[in-house]
1. Can you name the number of the only condition in (1) in contact (Cβ under 8 Å) with a residue 60 or more places away in the chain; (2) surrounded by fewer than 22 Cβ atoms within 10 Å (Cβ to Cβ); (3) of a type in the set (A, V, I, L, M, F, W, C) that L202 fails?
2. Do we have Y162 as in a helix (DSSP H, G or I), among the aromatic types (F, W, Y) and touching a residue at least 60 places away in the same chain (Cβ under 8 Å) here?
3. Check region 465-478 and report whether any residue there is open to solvent by 20 Å² or more (accessible area, probe 1.4 Å) and within 30 Å of T137 (Cβ to Cβ).
4. Does L307 meet the test of being within 26 Å of the chain's Cα centre (by Cα) and either farther than 18 Å from Y122 by Cα or surrounded by fewer than 11 Cβ atoms within 10 Å (Cβ to Cβ) (or both)?
5. Does region 368-381 include one or more residues that are free of Cβ contacts under 8 Å to residues at least 60 places away in the same chain, under 29 Å from D267 (Cα atoms), outside any loop (DSSP other than H, G, I, E, B) and of a type in the set (K, R)?
6. Taking into account only those residues within region 57-79 that are within 60 Å of the chain's Cα centre (by Cα) and open to solvent by 80 Å² or more (accessible area, probe 1.4 Å), which is nearest to A41 (Cα to Cα)?
7. H504 versus (1) at pLDDT 95 or above; (2) surrounded by fewer than 21 Cβ atoms within 10 Å (Cβ to Cβ): which is the lone unmet condition?
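The values are calculated or read from the model by the stated rules, or taken from the named source; none is laboratory data. Being a predicted model, the structure only gives us computed values, none of them experimental. Cβ sites come from the backbone with ideal geometry, for glycine too, and all protein chains shown count toward neighbours. Only protein heavy atoms, including side chains, enter the accessible area calculation; ligands, DNA and RNA are left aside. Shrake-Rupley method; radii C 1.70, N 1.55, O 1.52, S 1.80 Å.
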Amino acid sequence: MLENFSCQMTDLIYAEKDLVQSLKEYIRAEEAKLSQIKSWAEKMDVLTSKSTSDPEGYLAHPVNAYKLVKRLNTDWLELENLVLQDTTNGFIANLTIQRQFFPTEEDETGAAKALMRLQDTYKLDPETLSRGNLPGTKYKSSLTVSDCFGMGKTAYNDGDYYHTVLWMEQALKQHDEGEDTTVSKVEILDYLSYAVFQFGDLHRAMELTRRLISLDSTHERAGSNLRYFEKLLEKEREEKSRENSLNKTTAATEPVVQSGTYERPLDYLPERDIYEALCRGEGVKMTPRRQKRLFCRYHNGNRNPHLLIAPFKEEDEWDSPHIVRYYDVMSDEEIEKIKQLAKPRLARATVRDPKTGVLTVASYRVSKSSWLEEDDDPVVGKVNQRMQQITGLTVKTAELLQVANYGMGGQYEPHFDFSRKDEPDAFKRLGTGNRVATFLNYMSDVEAGGATVFPDFGAAIWPKKGTAVFWYNLFRSGEGDYRTRHAACPVLVGCKWVSNKWFHERGNEFLRPCGRTEVD
């Protein structure tokens, strides 16, 4: 799927440019052809005006008689061939070649959902998105009535009536403002009225349906819906009347909503509100007292010989659990080389099914990733060794270097890096134990969004190119530190590249020995 991978979508930009050039060549050829036909038509118009004014006198001249026969037998045939000449071949051939790289219906749906994800996470109303008023953007772009209608249809087809209402309302608003479009108000109102009905707002559903019928009195479904809504409303009134006559207090079975305002439905993620607030930079629990416990220092990896002369700058990001950031971990040249190696291998990132242990794609992890081995290029081994020197942990039992790309709306919702007790076989095939620590390299700056957040204790860490963050997933006892549940926030503007190394337990028993308690 392409919806989140704006960094790779640059190829589509150039493909579209090539198609435009091909289309221009087709237009030039078509114009040259029409110019020839027009010239012939003008010449024949003059000639036939003259010949039809005095047919017998005109044909009295033998040359005119000959030329008439020749024209009708030969010249008009040549014109027919010119008219039938197909100038589309080059353009159609190019379009056919390029089409194999075009996004699919699934990609378009994914892109629409990515916009809705950004809309929810960063509390952006449809007007803001439609007008393209986003922070950090170099180019401004807006959504048309047709685009907004497409967003609404995507939500509708997914059974998501909350976003259906928002985007159909925006489409209707822009339509009412006089924007030129091929989408009719009837089409918009058809979707909007039904979506509103799904929220139990009968009065507004009827109001919208009546407006639809005023525009198209022959719309059968609207007429049928209106009669159905009226019956429901009448039934509702009768029930209330019956209850009032019995002096009973009516208990509300449906949430009371203001007309046109609906609550976003709850979903599967319990910490959704906390997670999204942190992504917006809200609710970060960095108190002045905690801030005083955070320091900067030079880090030499416990006097690692390689780092004594050139130690790394280390900065505390959080005190407990301890999260640190290292500066100048990767150079621009190394980052570009790693990206160059990863790009051809990027594939939709997967997660391990806790029940089956099988890797599968999931809506809560939207990115592309690839794995690099040291044999791929010397720079991979160099980066691996540097992470080993900084952490004091061995890379011999660590997983391969994973490179991930998050484009538009790319995210990884709250998750654990280590395997829990209910999934003991997650890393069994590796034979190296659990993931003891995570080393995360930021390989790009992000204009807006894309933070790494920890909902459990309210931390938000923002990407900064060339830096890396490190934390332990397990206590020294081997027990999982459940506070390290973290997430990669959706990228609002820009493109996010990261690489990470997961260190495992085996081989690190003496490098990070057990503590005296379960939570050391």
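1. L202 satisfies all of (1) in contact (Cβ under 8 Å) with a residue 60 or more places away in the chain; (2) surrounded by fewer than 22 Cβ atoms within 10 Å (Cβ to Cβ); (3) of a type in the set (A, V, I, L, M, F, W, C) except (1).
2. Here the answer is yes, as Y162 does meet what is asked.
3. There is at least one residue in region 465-478 that is open to solvent by 20 Å² or more (accessible area, probe 1.4 Å) and within 30 Å of T137 (Cβ to Cβ).
4. For L307, the condition - within 26 Å of the chain's Cα centre (by Cα) and either farther than 18 Å from Y122 by Cα or surrounded by fewer than 11 Cβ atoms within 10 Å (Cβ to Cβ) (or both) - is not met.
5. Scanning region 368-381 turns up no residue that is free of Cβ contacts under 8 Å to residues at least 60 places away in the same chain, under 29 Å from D267 (Cα atoms), outside any loop (DSSP other than H, G, I, E, B) and of a type in the set (K, R).
6. Here the residue is W76.
7. (2)
Per-residue answers, yes or no, for (1) open to solvent by 80 Å² or more (accessible area, probe 1.4 Å); (2) more than 21 Å from N81 (Cα to Cα); (3) of a type outside the set (A, V, I, L, M, F, W, C); (4) modelled with pLDDT of 95 or more:
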| site | (1), (2), (3), (4) |
| --- | --- |
| L2 | no, yes, no, no |
| S6 | no, yes, yes, no |
| L12 | no, yes, no, no |
| D18 | no, yes, yes, no |
| E31 | yes, no, yes, yes |
| K38 | yes, no, yes, yes |
| D45 | yes, no, yes, yes |
